[in-house]
Amino acid sequence: MAEPLLSVEGLTVRLPGPNGPVTVVDGVDFTVDAGEIFGVAGESGSGKTMTFLSLLRLLPAGATVHGEARFSGQNLLTAPAGELRRIRGRQIAMVFQDPMTSLHPMLSIGRQLTDHLRTHLGVNRRSARARAAELLDEVRIPDPSGALRAYPHQFSGGMRQRIAIAVALACRPRLIVADEPTTALDVTVQAGVLHLLDRLRRDHGVAVALITHDLGVMSALADRVSVFYAGRIVESGTRADVLRDPGHPYTDALIGALSHTGALRPLPGSAPGAAERPGGCAFHPRCRYATERCAADDQTLVPISPGHLLACAENPLTRPRKAVAP
Ligand SMILES: Nc1ncnc2c1ncn2[C@@H]1O[C@H](COP(=O)(O)OP(=O)(O)O)[C@@H](O)[C@H]1O
Ligand SMILES: [Mg+2]
């Protein structure tokens with residue numbers, strides 16, 4: 001089997017807090033294969049963003065990171081700063097919830113794209129301009145040459161997100177980290193942006209780490225999914241394993257929160273913040289299957305079928321059908 005494009009082991013992130021360091025990502029393991037869409041699911045505050053910011057070494061000041069993260073032969077956590085800047089610009093690109101995070105409001109779209117292409121690829125102005133128009137066409141912006149002369153505020157939210165994706169694509173990255181890329185968009189516009197990410201992966205073989213609290217978004221495109229809860233992964237597997245045959249009561253509750261109409265019903269209770277993470281399984285206070293053992297024992301991810309990993313001592317949902325011999 002080919003090496004994964006990205007392989008993360010034992011990733012732990014601590015951020016400074018008023019009462020000392022707080023563990024916001026706690027021993028996370030996952031891989032992303034070339035050309036796949038890897039879904040990262042979980043409620044707000046579960047550590048999804050911090051996980052990926054730590055890989056790119058973009059954490060707030062005072063943060064500490066432990067573990068290993070190999071990307072195409074390089075160790076992201078120990079690579080020299082210059083090397084990491086090259087990886088960030090050219091091999092791993094990020095798309096954020098708010099496209100204005102990556103777009104400068106005062107510069108034309110053409111200027112932003114060509115500057116980026118010239119800095120990272122060293123091409124001349126003229127070829128950068130031509131390539132910029134191609135990129136806008138690639139993300140289906142109508143009238144690319146007109147769009148190059150326009151400014152971000154002249155576009156709708158959905159179009160701006162397409163432009164941010166064009167910026168991300170400019171250097172032909174091997175991985176795009178898309179952090180809640182459609183959360184700020186109307187539902188009708190969301191589908192177009194997601195379809196775009198899917199097409200880019202098919203046409204260019206770029207892998208996408210799709211971070212979202214919205215399982216509906218996930219169920220449309222992810223090849224594999226990991227579910228985060230309070231800084232840990234509680235379930236991982238193929239989209240079918242996790243979303244159609246969930247093993248973790250938390251995954252099941254998230255799916256249940258999506259009603260038939262696709263509208264989100266809130267899950268009762270709220271996810272614990274990093275500082276107030278309960279002992280044992282962190283989900284136990286909200287879990288209707290919880291037993292004493294769930295409060296007492298730390299849970300680790302174990303396979304319940306090939307490639308489907310679960311961190312749940314009781315395993316109430318799949319045990320009768322899928323348990324594998326210890
Ligand atoms: N700048 C920060 N300083 C301290 N704690 C933070 C900071 N940003 C986020 N956190 C905390 O880190 C945890 C994980 O946050 P985050 O990775 O942003 O979650 P997610 O992306 O899953 O919503 C949360 O408990 C959040 O409160
Ligand atoms: Mg986030």
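Each Cα pair under 8 Å and six or more residues apart adds its sequence gap; the mean of these over the residue count of the chain is a relative contact order of 20 percent. What the phi angles of region 137-151 give under the Karplus curve with 6.51, -1.76 and 1.60, with θ = phi - 60°, is a coupling list of 5, 4, 8, 6, 8, x, 6, x, 6, x, 5, 4, 8, 8, 10 Hz, glycine and proline written as x. How far is helix 187-204 tilted off the main Cα axis of the chain, in degrees rounded to 10, range 0 to 90? The helix 187-204 is inclined about 80 degrees to the chain.
The listed peptides 190-203, 234-247, 117-130, 84-97, ordered by packing as a protection proxy, come out as 234-247, 84-97, 190-203, 117-130 (highest mean of other Cβ atoms within 10 Å first). Think of it as helices only: each DSSP H run of n ≥ 4 in the chain is worth -39500 (n - 2.57), and spread over all residues that comes to -9000 deg cm²/dmol at 222 nm. In this structure the amide hydrogen of Tyr229, modeled in the peptide plane, comes within under 5 Å of the amide hydrogens of Val234, none closer than 5 places in sequence on its chain. Principal-axis analysis of the Cα atoms of the chain puts helix 109-121 at an angle of about 80° to the longest axis. Taking Cα atoms only, the orientation of helix 157-169 departs from the longest principal axis of the chain by about 80 degrees.
Counting every pair of alpha carbons in the chain, the share spaced more than 32 Å apart comes to 31 percent. Net charge in the neighbourhood of Pro4 (other residues with Cβ under 14 Å of its Cβ; Lys, Arg +1, Asp, Glu -1) is -4. What does the C-alpha gyration tensor say about the overall shape of region 57-117? Classify as rounded when a/c is under 1.5, otherwise prolate if a/b is larger than b/c, or oblate. Because a/c hits 1.5 or more and a/b exceeds b/c, region 57-117 counts as prolate. The coefficient of translational diffusion for region 36-153, derived via Stokes-Einstein from the alpha carbon Kirkwood radius under 25 °C and 0.890 mPa s, stands at 148 µm²/s.
Taking all Cα pairs closer than 8 Å and separated by 6 or more residues, the relative contact order of region 1-127 comes to 23 percent.
Where a number appears in this text, it was derived from the coordinates with a stated rule and is not lab data. A quick note: this is a predicted structure, and the numbers were derived from the prediction, not measured. Neighbour counts run over all protein chains shown; Cβ positions are idealised from the backbone, glycine included.
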